[in-house]
Amino acid sequence: MKVALAHEYFSARGGAEAVVEVLHRMWPDAPVYTFFHDRRRYGELPGWRIVTSALQSFPIGGGAHRLLLPLYPRAARGLRVPADVDLAVVSTSAFIKGIALADSTVEVAYCHSPTRYLWD
């Protein structure tokens, strides 16, 4: 079975990131689709095949990811998972669950608590 993983973004380590790290240990060959990976703040992810959205080119340091909120739905649709992927396991609290999947791909979403910064 061919598996892909997805996670909103990698900018700080927290509970959601611990979950996706466990998922990656379960499926170490699976590509990980994400809006962006802030290597300076989060660190490298050696051995991971990270596929980032167009948002990767935006300046994302210091919490700027919150300013990109209106762009997340379109960025998610722009992340296209190949049609030969059987299962997409999505670690989400917001928009990454909107990634583009083939009709034949099963999506299982591990939903974390609601996006806290939306309520701040």
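At a glance:
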{"item": "Spin-label pair R39/A54, simplified geometry with 7 Å Cα→Cβ offset, distance in nm", "result": "2.3"}
{"item": "Listed values (1) 1.71; (2) 1.04; (3) 0.99, entry calculated as Cα Rg over 2.2 N^0.38 Å", "result": "(3)"}
{"item": "With every protein chain in place, the chain: carbon and sulfur % of accessible area (1.4 Å)", "result": "57"}
{"item": "Charge dipole magnitude, Cβ of K and R +1, D and E -1 - the chain, Cα centre, debye nearest 20", "result": "340"}
{"item": "Efficiency of FRET between L69 and E21 - r from beta-carbon atoms, R0 22 angstrom, step 0.05", "result": "0.35"}
{"item": "For the chain: accessible area per residue (Å², 1.4 Å)", "result": "55"}
{"item": "Distance between modelled label sites at D86 and S113, nm, 7 Å Cα→Cβ extension", "result": "3.6"}
{"item": "The chain, helix-only ellipticity at 222 nm - DSSP H runs n ≥ 4, -39,500 (n - 2.57), divided by all residues, nearest 500", "result": "-5000 deg cm²/dmol"}
{"item": "Candidates L69, L79, L101, ranked by Gaussian network fluctuation over the chain, Cα under 10 Å, top entry", "result": "L69"}
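The values are calculated or read from the model by the stated rules, or taken from the named source; none is laboratory data. All figures in this text were calculated on a predicted structure; none of them were measured in a lab. All Cβ positions, glycine included, derive from the backbone under ideal geometry; neighbour counts span all protein chains shown. Please note that ligands, DNA and RNA were not included when accessible areas were found on the heavy atoms of the full protein model with its side chains. Shrake-Rupley method; radii C 1.70, N 1.55, O 1.52, S 1.80 Å.
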